[in-house]
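Written below as structure tokens is the structure these notes are about.
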Amino acid sequence: MSAAPTLDPGTHEPPDYLQVQSSAEFDELRRAHRSFAFPLTVAFVLWYLAYVLLSSYAGGFMATKVAGHLNVAFVLGIAQFVTTFLIAWWYSRHAAAKLDPKAEAIKSRLEGVTLRKEGDA
């Protein structure tokens, strides 16, 4: 059972989002996200386009049997799904390890500033 919040949920000043956005810690958070997400996105899109182009223009290669009735197209198609889930798993680990602590620090700082402003009034 949790206790009721002790803060008055009435009106309060919103955080100065422009100041937060221009802070060094927010810049580091954005850099940590972009340095992971952008290269991985580009790599996955290229991998997907390679699959589509191979399917469209290399039918003979894609029809090559790998094992039994399994062909290259099927194996690469399944690899697309596997890659998608691996990227999601990898990103969730990255976010938990690198992004969430930075975001929590920013949030805590903002809430501390907001609480002090409300307490001053």
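Just a few scattered comments:
- Residue match in segment 45-56 (condition: modelled with pLDDT under 95, exposed (fewer than 11 other Cβ atoms within 10 Å of the Cβ) and either of a type in the set (Phe, Trp, Tyr) or in a helix (DSSP H, G or I) (or both)): no
- Tally of residues being surrounded by 11 or more Cβ atoms within 10 Å (Cβ to Cβ), more than 14 Å from the chain's Cα centre (by Cα) and either at pLDDT 90 or above or not in a helix (DSSP H, G or I) (or both) across segment 1-43: 10
- Flag if PHE81 is surrounded by 10 or more Cβ atoms within 10 Å (Cβ to Cβ) and either out of contact with any Leu (no Cβ under 7 Å at 6 or more places or on another chain) or assigned to a loop (DSSP other than H, G, I, E, B) (or both): no
- For the residues GLY60, GLY112, the requirement of being of a type outside the set (Ser, Thr, Tyr), modelled with pLDDT under 95, over 24 Å from the mean Cα position of the chain (by Cα) and assigned to a helix (DSSP H, G or I) singles out GLY112.
The values are calculated or read from the model by the stated rules, or taken from the named source; none is laboratory data. The structure displayed is predicted, hence computed values, not measured ones. Positions of Cβ are backbone-derived with ideal geometry, glycine not excepted, and every protein chain shown enters the neighbour counts.
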